[in-house]
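Below is one structure, written out as structure tokens; the observations come after it.
The values are calculated or read from the model by the stated rules, or taken from the named source; none is laboratory data. The shown structure was predicted, so the numbers you read here are calculated from the model rather than taken from an experiment. Cβ atoms come from the backbone with ideal geometry, glycine included; neighbour counts cover every protein chain shown. To get the accessible areas, we keep the full protein, side chains included, count just its heavy atoms, and leave off ligands, DNA and RNA. Shrake-Rupley method; radii C 1.70, N 1.55, O 1.52, S 1.80 Å.
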Amino acid sequence: MENCELTTLQQEIVTALKQSKNKNLITEANLIKKIRENTKFQGKNKASLSLKDIEIALDFLQKNEKLYFSIHCNSANNLFFKPEENPKEFEQSHRQRRLKSEQNLTLLTTSDFQTKKDSKQNIKTKKKPHIKRTQRTNLNIYGNYDEE
């Protein structure tokens with residue numbers, strides 16, 4: 001799997017995990033904070049990451065960078081990442097519970113980052129079209145009345 005096959009969000013997850021690989025325990029909140037700092041993204045303040053995106057990014061790190069992380073989940077479905085030599089597989093019961101809870105969570109998606117890039121390009125390339133003013137006419141409301 002090459003870097004070009006990853007979405008922009010997955011690439012940002014990979015870079016954030018690389019930057020914080022020296023920590024003993026990385027929380028999902030710290031990972032999102034690192035992603036926000038790198039991309040200067042300011043929307044969706046309480047958003048989480050999709051488990052599928054995280055798993056794809058971790059697989060990429062294992063295959064290409066030889067960095068191994070194991071995923072842990074607490075009772076509140078918060079994710080934790082531990083750098084380990086022999087990573088443990090994410091338990092199926094935790095995985096199903098997290099996927100069910102993601103239906104109620106606000107998730108960061110790739111489109112959030114693409115709209116930010118597109119808006120920057122639109123500002124630089126597109127100019128506002130010139131709007132012609134319509135011809136204004138004065139309305140005489142007293143013209144229909146005769147003075148007696």
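Relative to the current alpha-carbon distance between Glu85 and Lys40, full extension at 0.36 nm per residue lengthens the span by 13.0 nm. Note on Lys63 and Thr15: the extension gain reaches 15.8 nm, defined as 0.36 nm multiplied by sequence separation minus the Cα-Cα distance. Residues whose amide H comes within less than 5 Å of that of Leu107, counting only those at least five positions distant or on another chain, are Ser48 (H built at 1.01 Å from N in the peptide plane).
Close amide H pairs (under 5 Å, H built 1.01 Å from N) link Phe69 with Glu84, residues at least 5 positions away or on another chain. Per-residue Karplus couplings for the stretch 42-55, computed as 6.51 cos²θ - 1.76 cosθ + 1.60 with θ equal to phi - 60°, are listed in order as 10, x, 6, 5, 10, 7, 10, 9, 6, 5, 5, 5, 5, 5 Hz, Gly and Pro entered as x.
Annotation for the stretch 1-48: trypsin sites (Lys or Arg not before Pro) lying in DSSP loop with at most 16 further Cβ atoms inside 10 Å of their Cβ are Lys21, Lys23, Lys40, Lys44, Lys46. Summarising the amide proton neighbourhood of Leu79: residues at separation of 5 or more, or on other chains, whose placed amide H is nearer than 5 Å comprise Glu28. Across the accessible surface of the stretch 1-102, with the other protein chains kept in place and a 1.4 Å probe, carbon and sulfur atoms take up 44 percent.
For the stretch 57-73, backbone phi angles converted through the Karplus equation (6.51, -1.76, 1.60; θ = phi - 60°) give residue-by-residue couplings of 5, 5, 4, 4, 5, 5, 6, 9, 9, 6, 9, 10, 10, 10, 9, 10, 9 Hz, Gly and Pro being listed as x.
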